[in-house]
Structures are given as C-alpha cells and as structure tokens.
Amino acid sequence: MSNHLPLEIVEEILHRLPVKSIVKCTSVCKAWNSLITHKTFIYDHLNRTIQAPNHNSSLFFRFMEFTPSLRLENAYSLYSSVNQQTDQLSVEWFPLSHLFDPDRYTLFVSACNGLVCSADYSPLKSATIIIWNPLLRKYIVLPKPITTRRKRKRGRQDLCCYVDRKYDFFFGFGFDSRNNDYKVVRVMNDRWTKDAPHVQVYSLASHIWRSISVTVPQFYLIDRSWLPSVFLNGALHWLVWREVGINYKFILSFDVIQETFREFTLPQPQSNGTDPSSRLLPVEGGHSLAVVNRSGRAFCIWVMKDYGITNSWTEIFRLDKELYGGIDRVLSLTSSGKVFLKLDGGAVVLVDPTTKESEEPVGIAKWGFVFVSSFVESLFFLNQEPHVLSF
C-alpha cells in the first residue's frame, strides 16, 4: 500500500488506528517506522484521540489485595469500551508489585493521556515513582524526589534531608498541553504547623525535580489513604479540608501549565469534619468534575456543569446505599451516564442509575482498595527504550 499511496494519506490512515495496530505497522517498512516513532506523530495521535467525539473510551482500575502470606499486592487492569452503546468491556491485567519495595505502601497516583503514574511511600524514605504505558508495557523509574522537612532552629527555618510522620504527602500526575510535557507534582504538608507546604514538580521532558515557590491554600488531607488525584481541564484536583470555625472541605486544584494553586467550594449540602465519605470523581474522558457525598441512606452525586463555576454544581442522581446488596463506594461516572460501584461484598460493578440495572462484576476488591481513572490510548515511550514489563 505504501508504494501506491502518498505518505500524507498513509499518515492519515495510521492516525485513525488503535495503538496496538499502529505498533504492528512499525514493522512494515523503514519509512513507516520512522513516521510512527517520530515525536510529532505521537503527539498528533494523542491529540486526535482526545478530541475525537466518538473515540472508544477506556477505564483504568487499580486493585489492592492481601496474598495468603499477608503481603499487599497490586494489580492493575485496563478496560476498553469496545461498544459504546452497551459499554461492553475487554480487559488486560498488569501486576506491578514486583517493581516496588514490598515493605512500603504503594500509591496509584493517576492515569493521564495514556500514561500511568504509581509510587510507593515511606514516611522515612524518599518515594520510588514510575511512569508507564500499559498498552506498550514500557515504564521509566523517576529519580528520587528531594526529601525535606521544615524544622525550627534558633528562630529560623531550615530545610533538612529527613521526613517523619508529622507530614502529609500526596502526588499528582498531569499533562502540560502548552509544552507537551507530563509532570508529577509532590506536595509535602506539615500537619502540626501552619508552615507553607513544600511543592516539587518533575518534568518528563527535562527529567529533573525542582522545588517551586507558590502560594498554597492551607489544607489537610481528609483521610490518610492517599486517594488518586483527578486530572481534567489542565489541572489536578484533590479533596481536602481545613479548620474555619467548622471543618471546611473544599477542592484543591493545581494548574499544570501555570503551576499555581486555587480552590473550589463544594456543593451544598456537604458533610462537615473529616468524614471520608465524600469523594472526588472523574467522568470518563476527563470532561467533568464530580463529587459524591454520603447523606444518610443515600449517595448523592454532583457534577460541576461549567468547570470553575461553583454555582454550576448540579445533583444528577442519588443511589440508596442498600441497593445491590449494599453499596460501599461510588468509584466513577462514565460518559454514557453509568456508574461504577464497589459493593459491600467487594464486587466492582457497572450500573445504570436510571434503570437500576447492573452488569456482571468487572473485578473483586476483597480487601477494600480499588481506584478508577479514565484512560485514552497513547504511543508515548514508543520511540524510547525504557524498561519493558514482562510477565
């Protein structure tokens, strides 16, 4: 075909193929390989995938379970929507526990534009962080972030290479569309003082960590479970709280391009205190910001219809917590209006909140931790030689 069609037509055809098919096309000839592995083609393919109104959406799951030896294992899976009308799903599994220290708590930071960020955590040691492409099964290990704490010494503050349990850590992973660069954000917050949080940013393009001086609204984590960040509209989002007469919950956001923080108020009514029943949710495809709040016997789901306009919070539906044998958690909303739930028995199911119909479980989370993120296909790392997952 390449002998009869102009390269421009070949490129247009290749842009419309799924990632796995494109990878196979790199073996057709040198011209195709050079075209597909060029960074311009890789970025253009990602942009077309994101902007296509009818592209097949996918969801990325992270499960955590104890093995018979009581070791915590992490399994990751990618579900592709092969039929948008029925939400029929295909699945691939990716065990990753062997990449991390078994004595550390492993975090799923988030999935963004075809790449996934995971990290392990120790309060006394710097984190191991990886960025990987599930479809290509390639990953890189980031250099260790700068590990610091603030201590008082003779009336002034110094930064020291040490951390202890008085600090909250959380991570975020997003895409800088202006510079075509993925960034990891690490925030260290002192829970015992009102010192400004220490913020560091890693750039995949430059391969370095740097500390940034930026104004951060005072906050605390709602719980210590290190829930994943939500990336949409060029910003990362976390659900946090602070003391303002009462314990006030809000959304903390970080603009990945401008590298600035802001905050959004939550819809009313909201639960007060550090009740972890409130959750921040992505909508499949990353187009809307949503929160779920447990109110009495119901899970109330709110969506911010106009991003950044807090008056646009709208309650879209409620689910009785006794449905389906008991709902433990609302995990994610899909662009088709369906909801992923974790049930009391551990099953993760996709349900239609209008008809109340549920489909076969997509997985079982026996121990309790399961996270979901929207996912799009990407060719990132195709033209690089990072580590390859083999299992």
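Students often check this: by mean Cβ neighbours within 10 Å, which of 199-209, 290-300 ranks highest, and how do the rest follow? Could you put the intermediate results ahead of the total?
On the way: 199-209: 15.7, 290-300: 18.2.
Peptide ranking by packing, descending: 290-300, 199-209.
Filter Lys249/Lys356; Lys39/Lys183; Lys20/Lys138; Lys183/Lys305; Lys39/Lys138; Lys249/Lys338 down to the pairs with a C-alpha to C-alpha distance above 21 Å, please.
Values: Lys249/Lys356 30 Å; Lys39/Lys183 18 Å; Lys20/Lys138 13 Å; Lys183/Lys305 27 Å; Lys39/Lys138 16 Å; Lys249/Lys338 26 Å.
In this structure, Lys249/Lys356; Lys183/Lys305; Lys249/Lys338 lie more than 21 Å apart at Cα.
Normalized C-alpha radius of gyration of the stretch 7-47, against 2.2 N^0.38 Å? Walk me through the intermediate numbers first.
Working: Rg = 9.0 Å, N = 41, 2.2 N^0.38 = 9.0 Å.
Rg over 2.2 N^0.38 Å, computed on Cα atoms: 1.00.
Can you compute the FRET efficiency between His287 and Arg16 using 1/(1 + (r/R0)^6), with r the Cβ-Cβ distance and R0 = 30 Å? Round to the nearest 0.05. Before the final figure, lay out each step's value.
Details: r = 22 Å, r/R0 = 0.72.
Once the sixth-power term is evaluated, E becomes 0.90.
Just grab the label-to-label distance for Lys356 and Leu323, each label 7 Å out from Cα along the Cβ direction, in nm (one decimal).
0.8 nm
Please report, in debye to the nearest 20, how large the charge dipole of the stretch 7-47 is about its Cα centre when each Lys and Arg carries +1 at its beta carbon and each Asp and Glu carries -1 there.
Details: 5 positive and 4 negative charges, 50 e Å.
The dipole magnitude comes to about 240 debye.
Among 14-25, 108-119, how do they line up from the highest to the lowest mean number of other beta-carbon atoms within 10 Å?
Most protected by this proxy first, the peptides run 108-119, 14-25.
Taking the Cα-to-Cβ direction at Glu259 and at Lys144 and moving 7 Å from each Cα, how far apart do the two end points lie in nm?
Spacing of the two 7 Å Cα→Cβ label points: 2.3 nm.
Which far-off residues, 5 or more places away or on another chain, put their amide H under 5 Å from the one on Asn383, with H placed in the peptide plane?
For Asn383, no residues qualify.
No lab work stands behind these numbers, since they all come straight from the coordinates. In this text, all values refer to a predicted model and were calculated from it rather than measured experimentally. In this analysis, Cβ positions are derived from the backbone assuming ideal geometry, glycine residues included, and neighbour counts consider all displayed protein chains.
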